[in-house]
Amino acid sequence: MLFQKNVLQGIKNGEITLAFRKWKKPAVLENSFHKTSIGILHIEKVTSVSESGITDVDARLAGFPSRKHLLESLANVDGTEVFRIHLRYSGEDPRIALREQKEFSDDDLIFLLRKINKYDQASPYGAWVQRLMLALQKYPETRSGELATILKVEKEWLKIQVRKLKNLGLTESLREGYRLSRRGHELLMKINPSC
């Protein structure tokens, strides 16, 4: 689920506890967790609701000044059913603390090397993880399209791979492009001391 930054801040502050979406079927699961720019959101409950069942109180809890404004936001959206989503801020994104780590235990290093090996083996482009990490070290803040050209891979494939490394705390997404995290630099020095 995508949210505007001011809505995310309202969720984090506890002022916004509902969201409304128009879908053919629910696009999120109850009791699921989603990573956002402000941290982790907990989707507590998802229920179908008629437009007549939406109140002004619901609208304010979803960050709208009135029911009318909320319904206007749903008017031109594809979908057949309106869903009320109960949500709350669940805490900081654990990847933020992870990417600042400089020290690796033996178990951490073994885990990361196994993950990298698994990613490389499943790739249609061969061993890519170290190539991508070296490219991010050399070209920080480079957009995915340019990075894909440099690495001679498809842009959408590259974005998925960068996300995999981000989940391991090895990369950071920036306003423009990506860069290696502190943890990413440390791992790169362990697997390629010449860099």
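The values are calculated or read from the model by the stated rules, or taken from the named source; none is laboratory data. The model shown is predicted, which means the values in this text are computed figures rather than measured ones. Glycine also receives a Cβ, built like all others from the backbone with ideal geometry; neighbour counts cover every protein chain displayed. Side chains included, ligands, DNA and RNA excluded: accessible areas come from the protein's heavy atoms. Shrake-Rupley method; radii C 1.70, N 1.55, O 1.52, S 1.80 Å.
On the basis of being polar (S, T, N, Q) and within 30 Å of Met189 (Cα to Cα), does Thr80 make the cut? So Thr80 fails the test.
Name the residue, out of Val57, Val77, Val82, that is open to solvent by less than 50 Å² (accessible area, probe 1.4 Å) and among the hydrophobic types (A, V, I, L, M, F, W, C). Just one listed residue meets the conditions, Val82. The set of residues from the stretch 8-51 being closer than 25 Å to Lys166 by Cα, open to solvent by less than 30 Å² (accessible area, probe 1.4 Å) and outside any loop (DSSP other than H, G, I, E, B) comprises Leu8, Ile11, Ser32, Thr36, Gly39, Ile40, Leu41, His42, Ile43. Within the stretch 60-74, the set of residues being open to solvent by 80 Å² or more (accessible area, probe 1.4 Å) and in contact with a helix residue (DSSP H, G or I) (Cβ under 7 Å, 6 or more places away or on another chain) comprises His69 only.
Exactly one residue out of Lys152, Lys102 is modelled with pLDDT under 90, surrounded by fewer than 13 Cβ atoms within 10 Å (Cβ to Cβ) and over 26 Å from Leu29 (Cα atoms): that is Lys102.
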